[in-house]
Structure formats: C-alpha cells, structure tokens
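A short reminder: the numbers here are calculations on the coordinates, not readings from a lab. The model shown is predicted, which means the values in this text are computed figures rather than measured ones. Here the Cβ positions follow ideal geometry from the backbone for every residue, glycine too, while neighbour counts run over all protein chains shown.
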C-alpha cells in the first residue's frame with residue numbers, strides 16, 4: 001500500500017522499475033568486482049586486488065546514488081538480491097575481459113533508461129542519469145586500458161608482476 005505521500009510523485013512507475021533494475025545491476029557489479037579482488041589476491045596480484053576492491057566500492061556508491069534518487073523522488077527503491085557472482089577465473093586476461101563486458105552492459109542499460117525517460121518525458125530523471133553516462137565512459141575506458149596494458153606488457157618473465165602494478169595505478173588516473 002502506498003501512503004498519500006508516495007502517491008504524489010512525478011516518478012513514473014515504468015521508470016522506477018528500470019531504475020530498480022539498474023540498482024540490481026550495480027549491486028551485482030559491486031559483488032563481481034569484490035569476487036575479482038578476492039581471486040586476484042589469491043593469485044598474488046595485490047595491485048589488481050586493490051584496484052577491483054576499489055571498483056567494487058565505486059559500484060556500490062553508484063547503486064546507492066540511484067537508490068537515494070528513487071527514494072527522494074517518492075518512489076520505492078528495491079534492495080536487490082545478488083546471485084550468480086563468478087568466483088573463479090581462468091586467468092587475469094579473462095577477468096579483464098569480463099570486467100569490460102560488464103561495464104558495456106551497464107552503459108547499454110543506462111542508455112536504455114535514458115531513452116525511456118525521453119519517451120516518457122521524464123526529463124528530471126534523464127538529467128540525473130547524465131552523470132552516470134559520463135561515468136560509464138570513464139569506466140569503459142579504464143577497463144580497456146587494463147586489457148591494453150596486459151596485451152602490451154605480456155606475461156613473459158616479470159610481465160605479470162608489472163601488469164599488476166600498472167593496474168593498481170589505474171585507481172589514481
């Protein structure tokens with residue numbers, strides 16, 4: 001049952017549903033990055049472990065920004081259940097590819113929500129989501145750079161050690 005306060009909102013039900021789906025995606029991404037951090041740590045890749053732990057925290061922050069927006073707009077944000085989080089990876093390269101693919105899916109979903117906002121004439125939500133679109137460009141760029149470093153440096157000799165240190169530096173860029 002909605003209270004009379006919650007009945008008075010400009011947030012349309014279909015947009016609220018899409019935002020709650022995005023909350024779930026951000027939660028899954030945060031959990032996946034945390035699993036990546038744990039895997040890297042077990043492999044002795046301390047720099048990559050720190051980087052992915054940082055990414056996990058960032059995704060949770062994104063989730064909470066959307067959660068708070070839905071709540072502030074008079075909607076009902078959903079606390080997501082997180083399932084199917086990968087825990088094992090074949091190697092660092094596969095992990096890096098998975099991270100990029102995850103970011104691309106998140107970007108595509110934000111684009112879908114913004115498109116729906118424009119169709120529904122919900123310009124306030126579209127304006128709120130602008131920050132996320134800019135952020136996703138940065139997230140994809142960072143994920144691509146990590147893959148590029150892996151492929152440029154290679155794993156021969158001390159290559160993996162160097163890759164690990166370079167990935168850690170991506171937190172500062």
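Brief remarks on what is shown
- Taking 7 Å steps out from each Cα toward its Cβ at residue 72 and residue 108 produces label points 3.0 nm apart.
- Between 152, 18, 160, the Gaussian network model of the chain with springs among Cα atoms under 10 angstrom shows the greatest mean-square fluctuation at 152.
- Angstrom value of the Kirkwood radius, inverse mean 1/r, which spans all Cα pairs in the range 6-67: 12.8 Å
- The sum of -39500 (n - 2.57) across all DSSP H runs of n ≥ 4, divided by the residue count of the chain, sets its helix-only mean residue ellipticity at 222 nm to -26500 deg cm²/dmol.
- Label-point separation in nm, residue 14 to residue 171, each point 7 Å along Cα→Cβ: 4.2 nm
- Angle of helix 46-72 to the longest C-alpha principal axis of the chain, folded into 0 to 90 degrees and rounded to 10: 0°.
- Length gained on full extension, residue 93 to residue 81, computed as 0.36 nm times the residue gap minus the Cα-Cα distance: 1.5 nm.
- Calculated on the alpha-carbon coordinates, the convex hull of the range 106-173 measures out at 72 cubic angstrom per residue.
- Its Cα gyration tensor gives the range 6-147 an equivalent ellipsoid, and the semi-axes of that ellipsoid, as √(5λ) in whole Å with the largest first, are 31, 15, 11.
- Value of relative contact order over the range 12-169, rounded to a whole percent, pairs C-alpha under 8 Å and six or more apart: 29 percent
- Between helix 123-153 and the chain: long-axis angle, C-alpha atoms, 0 to 90°, nearest 10: 10 degrees
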